[in-house]
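Here's the structure, in structure tokens; my notes come after.
Only the coordinates and a few stated rules stand behind these numbers; no lab work does. Note that this is a predicted model, so its numbers are computed, not measured. Neighbour counts are summed over all protein chains in view; Cβ atoms, including those assigned to glycine, are modelled from backbone coordinates with ideal geometry.
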Amino acid sequence: MNERVLSRSPRDRGPETERRLLNATLQCLRTHGIGGTTSRQITSTAGVNLAAITYHFGSKDELVAQALAHATRRWLEPVLEVLGRDQDPAVRMIAAVSAFRTAFDDAREILPAYFQALVQAPRSPAVQAVMNETVDEFRGILTRQTTEMRTAGYLPSWVVPEAMATVLIAILDGLALQAIINPEALNPDVVLGQVVNLLMAVRTGQS
């Protein structure tokens, strides 16, 4: 039988197939990495026809990019939900840190794929575009949150919201990286508590 199966069955055309392809891609990325993941591995894991990748995503690179974005959004979704609430900015930030702590435990298995995406992004336009969109969205939300905290007097006037948002993302990336490299030495509760304390402590520097 020809390995390049170009036909597709009706069962490969629905949204359930998209979900299976995304989940299968993440599973393959965890096992083989971005460089070692093939279209055949993905479709075999998903139990669908090879042509389903082209039909739903256009290419394997685009599927990988969308799977990584899907995983990242799933990781950040609880935090974004909290940051969208109509609450006092300080209360909202503390609640967001708590939500991130819970989401962090749930997302540990996808963290290697997330960092592979960051490394792969400069060499893959599809991955780069999707990761930039995801990170930019998160940075925008953190920028608005930081602006509200500054306006409400929780942060001093010298804080630059967009720059502070970038710093916060870098801290979260560092926390995720340490969870991969040396998880036994990492205490996320203490680290995230320090982040909150640092944010609130800068109030004392107001002039």
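A few comments on the model shown:
- On the beta carbon distance between residue 197 and residue 169, with R0 = 30 Å, the FRET formula returns roughly 0.95.
- Each of (i) 39, 17, 14; (ii) 27, 17, 17; (iii) 27, 23, 16 is a candidate for semi-axes √(5λ) of the Cα gyration tensor in Å; the one calculated from this structure is (i).
- Cα-based radius of gyration of the range 44-125 once divided by 2.2 N^0.38 Å, which approximates compact folds: 1.41
- Cα shape, the range 86-144, gyration tensor, a/c 1.5 rule: oblate
- Estimated D of the range 62-106 in µm² per second, where Rh is the Kirkwood radius over Cα pairs and Stokes-Einstein applies at 37 °C, 0.692 mPa s: 293 µm²/s
- Against the main long axis of the alpha-carbon atoms of the chain, helix 89-106 sits at an angle near 40°.
- Separation between Cα centres of the range 89-159 and the range 34-77, rounded to whole Å: 23 Å
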